[in-house]
Amino acid sequence: MTSTELHTRKHPALLMLSIVPFLFIFAGNSFAAIDQSKNQIISKHGVVAYTWNSNPTAKSAVLSTSSYTFNNGKAVTRIRDSKGIYQVIFDGLNCNRGQFTVNAYGGTNFKMCRIGSWSGKSNCEVSVYCFNAQGSPLDSEFNLLFID
């Protein structure tokens, strides 16, 4: 891909735009840029956190040991409350401003995840709800992104 090629990915709450070497992410009213050549993330207030829930049926998991999780060196914990209902805790993250977005993935059947709520000044707790096509709770892998 040359630096003039343009790629976009649309999602109801997320727009990703790539102009090599940059990846631009728009989530709600928040924005981040990733300089892929320097492995650097830039956002309005300099705060980006993300995680990947790859084991949806485990009661709890510390996600910060994965290379697919970033929270400025602090822990990210995922707790499964019941089928398809999760709490994700970002230690040390103030999420009173900024925007979260979540994307379900994996499997062959339709699934979706939504954010119920988030709050916290010293530790941010995010509620994530995942469903099948009929609207019934469903355990699902998901990616969760915060930009401020």
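Rule-based calculations on the coordinates, nothing more; no lab input. These figures come from a predicted structure and were not determined experimentally. Positions of Cβ are generated from backbone atoms using ideal geometry, with glycine treated the same way; all protein chains shown enter the neighbour counts.
Structure values in brief
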read-out: LEU138 buried (at least 20 other Cβ atoms within 10 Å of the Cβ) and over 15 Å from the mean Cα position of the chain (by Cα); value: yes
read-out: Hey, TYR129 over 20 Å from VAL47 (Cβ atoms), of a type in the set (Ser, Thr, Tyr) and in contact with an Asp or Glu (Cβ under 7 Å, 6 or more places away or on another chain) or not; value: no
read-out: Residue within the stretch 113-129 that is in contact with a Phe, Trp or Tyr (Cβ under 7 Å, 6 or more places away or on another chain) and part of a loop (DSSP other than H, G, I, E, B) present; value: no
read-out: Search result, residues across the stretch 81-112 that are touching a residue at least 40 places away in the same chain (Cβ under 8 Å) and in a strand (DSSP E or B); value: SER82, ILE85, TYR86, GLN87, VAL88, PHE90, GLN99, PHE100, THR101, VAL102, ASN103
